[in-house]
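Undergrad: For reference, the structure I am asking about is given below.
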Amino acid sequence: MEIIRTISELNSLIKKLKTEGGSLGFVPTMGALHDGHLSLIRQSSEKNGVTAVSIFVNPTQFNDNQDFKSYPKNLEEDLNILSSCSVDLVFAPSPEEVYPEPDTRIFDFEGLDKWMEGEHRPGHFNGVAQVVSRLFEIIQPDMAYFGEKDFQQLAIIRKMASIMNSPVRIMGCPIIREPDGLAMSSRNKLLTPKERQSAARVSEALMRAKKQINKIPVESLRQDTMNFLHEDPKIQTEYFEIVDESDLTPVSDWNHNTRIRGCIAVAIGNVRLIDNMDYSF
Ligand code: PAF
């Protein structure tokens, strides 16, 4: 496993690896690796001769500087984890390497960023598109792997790839959960033991609501789910929406023949968590 910090070192290595190994799978990460990331890496290495992982906490996607500062960072531990995975190269650049000039590009996601994360974290998806497009340009992968936990992010990245006519195939991968249902996330590391207990309620709320689909009106289901979450005073709910998967707009009734998904964002203490579940019926 090669650890690379600069684009110039990367270019010749990628050429060599691709010539020897075939297609290149890419797993972009912000580090603080967990089993969710490892499942993306496994899927990449099953389908590609070469797998590259990036570790870069992208400053442009944090709309809150405090959140950026407290985001868990431990490169040494991450490299240690990756050394026992089938990863050929790790790209861990500095901000100056990724952004030699400030990135001023503004993306139009055709409304996909209007709700949920887009509404609660202004500028976040623009920063995600900036870094992912930049990493695609640098690494030139054939396929790139993203987790469905960030369901809206995945839709935004697909849109960005299509707007930019990118040849990279975007692969969405299922959420990996802890035994009590909590979706794996780097931010889980920031929870205190008590908060960690409360966090299990998020996936429980999604499961509970899933059982009521098509039985009670959408708005009642939203309210009931919010009430369930708020029975735990540690949880502050930012949103619970049931959205049409094709355009991410909230549905207001069950007369839909498209796929739908339940999406939640909460804050527990200072930690923001998101989760989602397939609600198609
Ligand atoms: O999902 C993430 O970890 C990040 O948003 C990504 C895609 C690596 C871009 O920084």
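Undergrad: Within region 111-138, how many residues turn out to be in contact with a strand residue (DSSP E or B) (Cβ under 9 Å, 6 or more places away or on another chain) and away from the ligand (no atom under 12 Å from the Cβ)? Quick ask: steps written out before the conclusion?
TA: Initially, region 111-138 is screened for residues in contact with a strand residue (DSSP E or B) (Cβ under 9 Å, 6 or more places away or on another chain), giving 115-117, 119-121, 131-132, 135-136, 138.
Those still in the list that are away from the ligand (no atom under 12 Å from the Cβ) too: 115-116, 119-120, 138.
The number of residues fulfilling the criteria is 5.
Undergrad: Filter region 58-117 for residues that are touching a Gly at 6+ places or on another chain (Cβ under 6 Å) and either of a type in the set (A, V, I, L, M) or exposed (fewer than 11 other Cβ atoms within 10 Å of the Cβ) (or both) and give the result.
TA: Answer for region 58-117, where residues must be touching a Gly at 6+ places or on another chain (Cβ under 6 Å) and either of a type in the set (A, V, I, L, M) or exposed (fewer than 11 other Cβ atoms within 10 Å of the Cβ) (or both): there is none.
Undergrad: Does region 265-277 contain at least one residue that is crowded, with 17+ Cβ neighbours inside 10 Å, among the small types (Gly, Ala, Ser) and touching a Leu at 6+ places or on another chain (Cβ under 6 Å)? Talk me through it step by step, then tell me what you get.
TA: So the first thing to find is which residues in region 265-277 are crowded, with 17+ Cβ neighbours inside 10 Å, and the list is 265-266, 268, 271-277.
Next cut, among the small types (Gly, Ala, Ser) only: 265.
Keeping just the survivors that are touching a Leu at 6+ places or on another chain (Cβ under 6 Å) gives none.
Among the residues of region 265-277, not one is crowded, with 17+ Cβ neighbours inside 10 Å, among the small types (Gly, Ala, Ser) and touching a Leu at 6+ places or on another chain (Cβ under 6 Å), which makes the answer no.
Undergrad: Tally the residues that are in contact (Cβ under 8 Å) with a residue 60 or more places away in the chain and within 16 Å of residue 210 (Cα to Cα), restricting the search to region 266-281.
TA: We begin by selecting, within region 266-281, every residue in contact (Cβ under 8 Å) with a residue 60 or more places away in the chain; these are 266, 268-277, 279, 281.
Among the residues that remain, those that are also within 16 Å of residue 210 (Cα to Cα) are: 275-277, 279, 281.
Number satisfying all stated conditions: 5.
Undergrad: Let me ask something else about it. How many residues does region 42-58 hold that are free of Cβ contacts under 8 Å to residues at least 60 places away in the same chain and either within 10 Å of the ligand (Cβ to nearest atom) or hydrophobic (A, V, I, L, M, F, W, C) (or both)? Walk me through it before giving the result.
TA: Taking region 42-58 as the starting set, the residues that turn out to be free of Cβ contacts under 8 Å to residues at least 60 places away in the same chain are 42, 45-46, 49-51, 53, 55, 57.
Retained after the next criterion (residues that are either within 10 Å of the ligand (Cβ to nearest atom) or hydrophobic (A, V, I, L, M, F, W, C) (or both)): 50, 53, 55, 57.
Here the count works out to 4.
Undergrad: Could you check region 76-153 for helices (runs of 4 or more DSSP H) lying wholly inside it with 2 or more residues that are more than 19 Å from residue 238 (Cβ to Cβ) and polar (S, T, N, Q)?
TA: Details: elements: 95-98, 117-120, 124-139.
Where helices (runs of 4 or more DSSP H) fall fully within region 76-153 and carry at least 2 residues being more than 19 Å from residue 238 (Cβ to Cβ) and polar (S, T, N, Q), they are 124-139.
Undergrad: Just need a number here: residues in region 242-251 that are touching a helix residue (DSSP H, G or I) at 6+ places or on another chain (Cβ under 7 Å), within 20 Å of residue 211 (Cβ to Cβ) and part of a loop (DSSP other than H, G, I, E, B). Lay out the reasoning, then the answer.
TA: Taking region 242-251 as the starting set, the residues that turn out to be touching a helix residue (DSSP H, G or I) at 6+ places or on another chain (Cβ under 7 Å) are 242, 248, 251.
Checking the rest, the ones that are also within 20 Å of residue 211 (Cβ to Cβ) come to 242, 251.
Cutting the leftovers down to part of a loop (DSSP other than H, G, I, E, B) gives us 251.
Result for region 242-251: 1.
Undergrad: Additional query: Going through region 213-241 one residue at a time, which ones are touching a helix residue (DSSP H, G or I) at 6+ places or on another chain (Cβ under 6 Å) and under 28 Å from residue 159 (Cα atoms)?
TA: Kept after step one, since they are touching a helix residue (DSSP H, G or I) at 6+ places or on another chain (Cβ under 6 Å), are these residues of region 213-241: 221, 225, 228-229, 232, 234-235, 237-238, 240.
Listed by number, the residues that qualify are 237, 238, 240.
Undergrad: Mind counting the residues in region 13-41 that are within 14 Å of the ligand (Cβ to nearest atom) and either part of a helix (DSSP H, G or I) or on the phi < 0 side of the Ramachandran plot (or both)?
TA: The total comes to 13.
Undergrad: Oh, and also: Keeping to region 59-71, report how many residues are outside any helix (DSSP H, G or I) and within 12 Å of the ligand (Cβ to nearest atom). Full working, then the answer.
TA: Narrowing region 59-71 to residues outside any helix (DSSP H, G or I): 62-64, 71.
With the extra rule that they be within 12 Å of the ligand (Cβ to nearest atom), the set shrinks to 62, 71.
So the answer is 2.
Undergrad: Look at residue 261 and say whether it is touching a residue at least 24 places away in the same chain (Cβ under 8 Å) and surrounded by 17 or more Cβ atoms within 10 Å (Cβ to Cβ).
TA: Details: touching a residue at least 24 places away in the same chain (Cβ under 8 Å): yes; surrounded by 17 or more Cβ atoms within 10 Å (Cβ to Cβ): yes.
Judged against the criteria, residue 261 is a match.
Undergrad: Here's something else I'd like to know. Is it true that residue 244 is free of Cβ contacts under 8 Å to residues at least 40 places away in the same chain, closer than 19 Å to residue 156 by Cβ and either over 18 Å from the mean Cα position of the chain (by Cα) or crowded, with 18+ Cβ neighbours inside 10 Å (or both)? Spell out the reasoning first.
TA: Numbers: free of Cβ contacts under 8 Å to residues at least 40 places away in the same chain: yes; closer than 19 Å to residue 156 by Cβ: yes; either over 18 Å from the mean Cα position of the chain (by Cα) or crowded, with 18+ Cβ neighbours inside 10 Å (or both): yes.
Yes.
Undergrad: Between a residue in region 160-178 that is farther than 18 Å from residue 35 by Cβ and touching a residue at least 60 places away in the same chain (Cβ under 8 Å) and any residue that is in a loop (DSSP other than H, G, I, E, B) and not β-branched (Val, Ile, Thr), which pairs come within a Cβ distance under 8 Å, given they are 6 or more apart or on different chains?
TA: 168/141; 168/142
Each value in this text was obtained by applying a stated rule to the coordinates, not by laboratory testing. Source: prediction; values computed, not measured. Virtual Cβ from ideal backbone geometry, glycine too; neighbours counted across all protein chains shown.
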